[in-house]
Every structure is written in structure tokens, then in C-alpha cells.
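A short worksheet on the structure shown next.
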Amino acid sequence: MDDARPMTPHERALTLVREQDALYAALEGLCARQRDAIEAGQTDELLAVLGERQGVIDEIVSVGEALGPLSAEWDRLVAEMPAEARGETQTLLGRIEGRMRSIAEHDEADQSSLRRHRETLSGVSAKARRTSGAVRAYGGSKPARGPRYEDRRA
């Protein structure tokens with residue numbers, strides 16, 4: 001005999017909010033790895049982290065889509081939840097909001113860091129072009145002719 005019963009809308013909403021909180025926690029955790037990769041100039045690691053982030057974001061979108069039908073009656077659902085579930089839901093939603101702000105702040109800082117790295121590389125590249133131009137202007141690219149004077153004493 002199967003005792004599994006379908007979830008009530010309240011239980012479904014709380015379950016989805018818990019999933020959302022866990023996903024935002026994972027996304028927030030990836031921020032430190034992303035920052036470290038940027039600061040260390042580790043492009044491969046940065047790309048790996050961005051790939052992981054995309055997977056988490058895809059899951060967040062999926063949970064959001066599952067919450068969509070409940071959003072029309074969200075206020076009523078939360079009001080009808082048992083007090084403990086309502087309190088947990090409100091706590092989780094507050095924590096999710098904080099995580100979202102934290103992630104946005106980290107992303108803004110990382111974008112600034114990437115811009116600075118790009119500007120630094122652009123400056124280094126321009127300096128290298130000027131240096132190679134100066135070397136060519138002073139004949140630095142002429143092939144060597146060999147010794148001009150030879151000591152013919154034996």
C-alpha cells in the first residue's frame with residue numbers, strides 16, 4: 001500500500017523555496033572561485049566556474065517556472081500556511097534576497113576587475129607595439145653581418 005500523498009500547495013511552495021535557497025547558496029559560493037580565477041588570470045578556471053554558474057542559473061530558472069503558477073495566489077498561500085512553515089518561508093525568502101544582492105555586488109566587482117585587467121593588457125600591448133616600432137626605426141631588425149674585423153694572427 002502506498003502512503004505517498006500529493007503535496008499540498010503550501011508544501012509545494014515551501015519545497016520550491018527551499019530548493020531556490022539552496023541554489024542561490026551554490027551560486028553565491030561560486031563567486032569566490034570566480035573572483036580568485038579573475039585575480040589570478042586563470043582563464044580556464046574562470047570559464048569552468050562560469051559554466052558551473054550557468055548550470056545553477058538554469059536550475060534556478062526551472063524552480064522559478066515551477067513557482068510561477070503559485071505566484072498568482074502567493075499571498076493567500078503564505079497566509080494559509082501553518083505558522084512554522086510561514087515563518088520558514090519568510091526567512092528563506094529574506095535570505096534569498098540577501099544572496100541575490102551579494103551575488104550582484106560580487107559580479108559588479110568582478111566586472112570592474114576584468115575591465116582593469118583588460119585595460120592593463122591593452123596598455124602592455126600598445127607599449128610592446130611602440131617598443132618594436134622603435135627597435136625597427138633604429139635598425140634593430142637588420143640581419144647581423146658577421147665580424148667586421150678579424151684577427152688574422154695565428
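Below, the figures for the structure above:
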| quantity | calculated |
| --- | --- |
| Meets criteria (open to solvent by 70 Å² or more (accessible area, probe 1.4 Å) and more than 30 Å from LEU114 (Cα to Cα)) for PRO9 | no |
| ARG53 charged (D, E, K, R) and open to solvent by less than 30 Å² (accessible area, probe 1.4 Å) | yes |
| Where a residue in the stretch 1-22 is part of a helix (DSSP H, G or I) and among the small types (Gly, Ala, Ser) and its partner, wherever it lies, is open to solvent by less than 100 Å² (accessible area, probe 1.4 Å) and modelled with pLDDT under 95, with Cβ under 6 Å and at least six apart | ALA13/LEU70; ALA13/LEU77 |
| Every pair of residues 6+ apart whose Cβ atoms lie under 7 Å, when the first sits in the stretch 106-125 and is of a type in the set (Gly, Ala, Ser) while the second is open to solvent by less than 100 Å² (accessible area, probe 1.4 Å) and at pLDDT 65 or above | SER113/ILE38 |
| Considering residues of the stretch 83-105 that are open to solvent by 60 Å² or more (accessible area, probe 1.4 Å) and without any contact (Cβ under 8 Å) to a residue 40 or more places away in the chain only, the residue nearest to the chain's Cα centre (by Cα) | GLU105 |
| Any hit, the stretch 69-82, residues being in a helix (DSSP H, G or I), open to solvent by 30 Å² or more (accessible area, probe 1.4 Å) and in contact with an Asp or Glu (Cβ under 9 Å, 6 or more places away or on another chain) | no |
| Given (1) at pLDDT 95 or above; (2) in contact with a Cys (Cβ under 7 Å, 6 or more places away or on another chain), index of the condition HIS106 fails | (1) |
| The stretch 14-46, residues that are in contact with a helix residue (DSSP H, G or I) (Cβ under 8 Å, 6 or more places away or on another chain), open to solvent by less than 60 Å² (accessible area, probe 1.4 Å) and under 30 Å from VAL78 (Cα atoms) | LEU14, LEU16, VAL17, GLN20, ASP21, LEU23, TYR24, ALA25, ALA26, LEU27, GLU28 |
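Residue-wise test of (1) in contact with a Leu (Cβ under 9 Å, 6 or more places away or on another chain); (2) at pLDDT 90 or above.
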position	(1), (2)
GLU19	no, yes
ALA22	no, yes
ALA32	no, yes
GLY41	no, no
VAL49	yes, yes
ARG53	yes, yes
ASP58	no, yes
VAL61	no, yes
GLU80	no, yes
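The values are calculated or read from the model by the stated rules, or taken from the named source; none is laboratory data. Small disclaimer: the values here were computed from a predicted structure and weren't measured. So basically every Cβ, Gly included, is an ideal-geometry build from the backbone, and we count neighbours across all protein chains shown. Side chains are part of the model used for accessible areas, which takes the heavy atoms of the whole protein and leaves out ligands, DNA and RNA. Shrake-Rupley method; radii C 1.70, N 1.55, O 1.52, S 1.80 Å.
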